[in-house]
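So the structure is just underneath, and the comments pick up after that.
The values are calculated or read from the model by the stated rules, or taken from the named source; none is laboratory data. Computed from a predicted structure; not experimentally measured. All Cβ positions, even for glycine, are placed from backbone atoms using ideal geometry, and neighbour counts span all protein chains on display.
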Amino acid sequence: MTSLRPRPTFLVTLVVLALALTGCGSSTNLTEATAFLDGAYSYDAATSQWRTGDAPSVVADNMQINLKADDSVRESGNYYLRGSDWLAVVRTEAEGSSIELDDYDAGYRRHSTFIAGYWGSRPGSYGPRSSGGSSGGGGFTGVRGGGSGSGK
């Protein structure tokens, strides 16, 4: 007599496949983030930043959704977003926004004055003002957001 119950290995395979296809909510890597910015905004080689006429909040939302940012913080008028190996800053400019993208270590060193209380010196670590998690869902919350996780 054969059983109609699926085998555990079959179920595990299905779960692993589903997670792989959905990306598990994980952020893009630095190379993918750079490619997205190159396609969406104008790169200014003189400043090593991307420029756009869009408002910083619009740019931050767009980046958070398309790059699947692991976390985001608004501090001192700037939008900071981080991924698995990158950190981005969206700033207000006279005519729109500028976007700076670095590998996480360089970005953290450059901006630790503003983000050290939220994020640690390594991707995935958190500082003393943080509850250690991200709120899910699309759109920039103005405080934190993006990516999967809990703790807010």
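Miscellaneous remarks
- Among the candidates 103, 54, 44, residue that is at pLDDT 95 or above, among the charged types (D, E, K, R), surrounded by 12 or more Cβ atoms within 10 Å (Cβ to Cβ) and in contact with a helix residue (DSSP H, G or I) (Cβ under 6 Å, 6 or more places away or on another chain): 103
- Residue match in the range 72-88 (condition: outside any strand (DSSP E or B), touching a strand residue (DSSP E or B) at 6+ places or on another chain (Cβ under 7 Å) and aliphatic (A, V, I, L, M)): no
- Positions within the range 67-78 being closer than 16 Å to residue 114 by Cα and under 11 Å from the mean Cα position of the chain (by Cα), in sequence order: 71, 72, 73
- Matching residues in the range 18-41 - criterion: being among the hydroxyl-bearing types (Ser, Thr, Tyr), surrounded by fewer than 15 Cβ atoms within 10 Å (Cβ to Cβ) and at pLDDT below 95: 22, 26
- Single unsatisfied condition, residue 126 versus (1) crowded, with 16+ Cβ neighbours inside 10 Å; (2) more than 24 Å from residue 48 (Cβ to Cβ); (3) at pLDDT below 70: (3)
- Per-region count, the range 57-71, residues modelled with pLDDT of 95 or more and either assigned to a strand (DSSP E or B) or at positive phi (or both): 1
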